[in-house]
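S.K.: First the structure, which I've put down as structure tokens, then a few questions once you've had a look.
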Amino acid sequence: MKLTDKVAIVTGATQGIGLACAQRLITEGAKVMLVDIKPEGAGAATALGEQARFFAADVSQKADVDAMVAATLAAFGRVDILINNAGVTHAANFLDVSEDDFDRVLRINLKSMFLCGQAVARVMVRQRGGAIINMSSVNAELAIPNQVPYVVSKGAINQLTKVMSLNLVEHGIRVNGIGPGTILTELAKQAVMASPEARHTILSRTPMGRCGEPEEVASIAAFLASDDASYMTGQTLYVDGGRLALNYTVPVQ
Ligand SMILES: NC(=O)c1ccc[n+]([C@@H]2O[C@H](COP(=O)([O-])OP(=O)(O)OC[C@H]3O[C@@H](n4cnc5c(N)ncnc54)[C@H](O)[C@@H]3O)[C@@H](O)[C@H]2O)c1
Ligand SMILES: O=S(=O)(O)c1ccc(CO)cc1
């Protein structure tokens with residue numbers, strides 16, 4: 001086990017990629033505070049056993065983030081790993097995006113990572129080290145129509161990862177990102193798997209010919225959280241079935 005006695009906070013942790021990350025970190029020996037805006041998510045932590053706790057929070061709100069960190073310190077005494085995973089999608093043509101929706105998506109997807117990163121890094125500074133992982137997307141690099149604030153938020157997350165890494169390196173804190181391709185979760189179903197045509201379009205641009213599984217993202221998160229990534233900071237690793245390597249379509253089986 002690579003994360004024995006480490007303590008992690010995972011946001012957006014009661015389903016999808018976040019839940020897979022929490023499960024994998026526990027498998028690697030960590031204690032995990034699962035954080036989600038859905039209070040019914042507490043069951044996910046209960047199912048993971050004694051190594052897991054749940055805290056209900058809207059990570060786009062500073063007061064909730066400060067309470068999340070306090071609850072983690074009260075439960076486990078430290079924070080070694082933060083996985084900034086919570087995020088939402090949004091579909092509308094650029095001409096139809098409301099100001100409120102633009103602000104909401106940027107607040108949830110981007111500002112939350114600033115708020116959680118700053119609050120947790122202040123703890124990590126006292127501990128002389130830690131690892132922060134920001135969940136980006138292939139859509140930091142690939143713009144797709146009708147995903148305006150989402151695409152903007154993901155591009156900004158990559159820059160946030162870099163600038164956080166520069167300011168935190170002196171404290172022994174590494175900051176990296178993960179850019180998943182299309183991963184079979186509720187968000188992807190909303191965003192891209194809503195129709196056979198959308199699925200065909202995605203698979204025609206995916207050399208591996210399939211969508212990814214949440215566990216295939218979680219394994220990269222566990223790597224970046226561990227000392228196996230001790231010389232990595234400021235990077236975003238794409239986990240996309242070859243999506244970004246491709247600039248033409250492939251036949252869909
Ligand atoms: N699924 C994909 O294809 C894919 C691809 C690339 C990137 N991502 C990114 O991975 C992350 C997780 O995606 P997913 O597919 O697992 O999504 P999901 O919708 O299945 O899960 C997201 C979780 O975040 C929680 N959440 C939403 N807003 C929150 C808030 N304000 N505070 C706390 N929790 C909140 C939700 O309740 C939910 O449990 C997101 O950042 C997403 O942008 C997903
Ligand atoms: O349409 S896609 O570019 O494949 C795509 C991939 C991932 C997500 C979620 O970040 C949305 C759209």
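S.K.: Taking Cα pairs under 8 Å and at least six residues apart, what relative contact order does the range 1-120 come out at, in percent?
M.R.: Details: 205 pairs, mean separation 31.8, N = 120.
For the range 1-120, the relative contact order is 27 percent.
S.K.: Let me ask something additional. For the chain, modelled as a Gaussian network with Cα springs under 10 Å, which listed residue fluctuates most, Leu48, Leu110, Leu160?
M.R.: Leu48
S.K.: In whole percent, what relative contact order does the range 146-205 give with Cα contacts below 8 Å and a gap of six or more residues?
M.R.: Values: 20 pairs, mean separation 10.9, N = 60.
Rounded, it is 18 percent for the range 146-205.
S.K.: Name the trypsin sites (Lys or Arg not before Pro) in the range 55-145 that are in a loop by DSSP and that have at most 16 other C-beta atoms within 10 Å, would you? Before the final figure, lay out the partial values.
M.R.: Values: sites: Lys62, Arg78, Arg104, Arg107, Lys111, Arg122, Arg126, Arg128; in loops: Arg78, Arg128.
Hits after loop and neighbour filter: Arg78, Arg128.
S.K.: Rounded to whole Hz and in sequence order, give me ³J(HN,Hα) for the range 71-77 from the Karplus expression 6.51 cos²θ - 1.76 cosθ + 1.60, θ = phi - 60°, writing x for Gly and Pro.
M.R.: 3J(HN,Hα) across the range 71-77, in whole Hz: 5, 5, 5, 5, 7, 10, x.
S.K.: Residue by residue through the range 97-109, what is 3J(HN,Hα) from phi via Karplus (6.51 cos²θ - 1.76 cosθ + 1.60, θ = phi - 60°)? Round to whole Hz and write x for glycine and proline.
M.R.: With coefficients 6.51, -1.76 and 1.60, one gets 6, 7, 4, 4, 5, 4, 5, 5, 5, 5, 5, 6, 7 Hz.
S.K.: As a quick test, which of the pairs Lys2/Lys162; Lys162/Lys189; Lys31/Lys62; Lys2/Lys31; Lys6/Lys111 have an alpha carbon distance above 19 angstrom in this structure? Intermediate results must be reported in sequence, preceding the final value.
M.R.: Values: Lys2/Lys162 25 Å; Lys162/Lys189 30 Å; Lys31/Lys62 23 Å; Lys2/Lys31 12 Å; Lys6/Lys111 26 Å.
Going by Cα-Cα distance, Lys2/Lys162; Lys162/Lys189; Lys31/Lys62; Lys6/Lys111 fall outside the 19 Å limit.
S.K.: Using a Förster radius of 22 Å, what is the FRET efficiency between Lys189 and Asn146 based on their Cβ-Cβ separation? Nearest 0.05, please. Intermediate results must be reported in sequence, preceding the final value.
M.R.: Values: r = 16 Å, r/R0 = 0.71.
Between Lys189 and Asn146 the formula returns 0.90.
S.K.: Still on this structure, please answer the following. Output the peptides 174-183, 25-34 sorted from most to least packed, where packing is the average of other Cβ atoms within 10 Å over each peptide's residues. Please report the intermediate quantities before stating the final value.
M.R.: Numbers: 174-183: 25.1, 25-34: 22.6.
Averaged packing, sorted descending, gives the order 174-183, 25-34.
S.K.: Determine the shape class of the chain: with a ≥ b ≥ c the square roots of the Cα gyration tensor eigenvalues, call it rounded for a/c under 1.5, and otherwise prolate if a/b is greater than b/c, oblate otherwise.
M.R.: Details: a/c = 1.60, a/b = 1.49, b/c = 1.07.
Verdict is prolate for the chain.
S.K.: At 1.4 Å probe size, put Ser230, Ser165 in order of accessible surface, largest to smallest. List each step's numbers first, then the result.
M.R.: Values: Ser230 80, Ser165 5 Å².
Reading off the accessible areas and sorting them downward yields Ser230, Ser165.
S.K.: May I pose another question? Taking the Cα atoms of the range 1-106, report the difference between the largest and smallest coordinate on each principal axis, in whole Å and largest first.
M.R.: Its Cα atoms span 50, 25, 24 Å along the three principal axes.
S.K.: A further question on this structure: Determine the relative contact order of the chain: mean sequence separation of Cα pairs under 8 Å and six or more apart, normalised by residue count, in whole percent.
M.R.: Numbers: 526 pairs, mean separation 49.2, N = 253.
Relative contact order comes out at 19 percent.
S.K.: Now for a separate question. Taking H placed 1.01 Å from N in the peptide plane, check which residues at least 5 places from Lys6 or on another chain put their amide H under 5 Å from its amide H.
M.R.: Lys31
S.K.: On average, how much accessible surface per residue is there in the chain, in Å², for a 1.4 Å probe, leaving out ligands, DNA and RNA?
M.R.: Details: 11700 Å² over 253 residues.
Normalised by residue count, the accessible surface of the chain is 46 Å².
S.K.: Hey, another quick one. Take the solvent-accessible surface of the protein heavy atoms, probe 1.4 Å, and return the percent of it on the chain that carbon and sulfur atoms account for.
M.R.: Working: 6340 of 11700 Å².
Carbon with sulfur: 54 percent of the solvent-accessible area.
S.K.: Could you estimate the translational diffusion coefficient of the range 91-132 from the Stokes-Einstein equation, with Rh from the Kirkwood formula over C-alpha pairs, at 25 °C and 0.890 mPa s, in whole µm²/s? Let's see the in-between values first.
M.R.: Values: Rh = 12.2 Å.
Here the translational diffusion coefficient equals 201 µm²/s.
The values are calculated or read from the model by the stated rules, or taken from the named source; none is laboratory data. For clarity, every value in this text was computed on a predicted model and none was experimentally measured. With ideal geometry, Cβ positions are generated from the backbone for all residues, glycine too; neighbour counts draw on all protein chains shown. The accessibility values were calculated without ligands, DNA or RNA, using every heavy atom of the protein model including side chains. Shrake-Rupley method; radii C 1.70, N 1.55, O 1.52, S 1.80 Å.
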